[in-house]
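One structure below.
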Amino acid sequence: MLHVVQSRSGLAKCKAIVQPGDDVVFIGDGVICTEAIADCRVFVQTDDAERCGIGIREQEIPCSMDELVRLVAKHDQSVSWR
């Protein structure tokens with residue numbers, strides 16, 4: 001499953017149901033609250049990180065808009081957390 005996190009409160013909701021092997025992408029204002037999530041790949045939308053003045057850490061995967069589209073297409077299910 002793909003989890004799209006857009007805020008700090010969205011992160012809390014996501015962490016309540018995320019499963020090992022899920023992908024998590026932080027977009028919009030969600031890039032401010034990125035954190036590692038056990039057994040998940042964590043992506044950070046690069047344009048939003050740059051806009052917010054946030055660096056992408058070594059354990060995070062930079063995610064362009066093209067990559068975000070590929071992630072959405074790859075997953076049968078996705079949920080957006082605000």
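The values are calculated or read from the model by the stated rules, or taken from the named source; none is laboratory data. These numbers were taken from a predicted model, which means no experiment stands behind them. Virtual Cβ from ideal backbone geometry, glycine too; neighbours counted across all protein chains shown.
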- Note on the structure: Note on the stretch 27-39: residues without any contact (Cβ under 8 Å) to a residue 24 or more places away in the chain and surrounded by 15 or more Cβ atoms within 10 Å (Cβ to Cβ) are G28, D29, V31, I37
- Task: Determine whether the stretch 8-18 contains at least one residue that is surrounded by fewer than 21 Cβ atoms within 10 Å (Cβ to Cβ) and assigned to a loop (DSSP other than H, G, I, E, B).
- Result: no
- Query: Within the set of pairs 6+ apart or on separate chains, which have a first residue in the stretch 1-16 that is within 18 Å of L71 (Cα to Cα), a second that is among the aromatic types (F, W, Y), and C-beta atoms under 9 Å apart?
  - Reply: H3/W81; V4/F26; V4/W81; V5/F26; V5/W81; Q6/F26; Q6/W81; C14/W81
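Name every residue in the stretch 12-48 that is within 16 Å of Q77 (Cα to Cα) and out of contact with any helix residue (DSSP H, G or I) (no Cβ under 8 Å at 6 or more places or on another chain), in order of residue number. Reasoning before the result, please.
First, the residues of the stretch 12-48 that are within 16 Å of Q77 (Cα to Cα): 14, 17-25, 40-41.
Those that are within 16 Å of Q77 (Cα to Cα) and out of contact with any helix residue (DSSP H, G or I) (no Cβ under 8 Å at 6 or more places or on another chain): C14, I17, V18, Q19, P20, G21, D22, C40, R41.
Does S9 satisfy the criteria of being touching a helix residue (DSSP H, G or I) at 6+ places or on another chain (Cβ under 7 Å) and of a type in the set (S, T, Y)? It would help to see each step written out before you state the result.
Details: touching a helix residue (DSSP H, G or I) at 6+ places or on another chain (Cβ under 7 Å): no; of a type in the set (S, T, Y): yes.
Taking the combined requirement at face value, the residue does not satisfy it.
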- Working carefully through the options E35, E60, find the one that is of a type outside the set (V, I, T), at pLDDT below 95 and under 10 Å from the mean Cα position of the chain (by Cα). E35
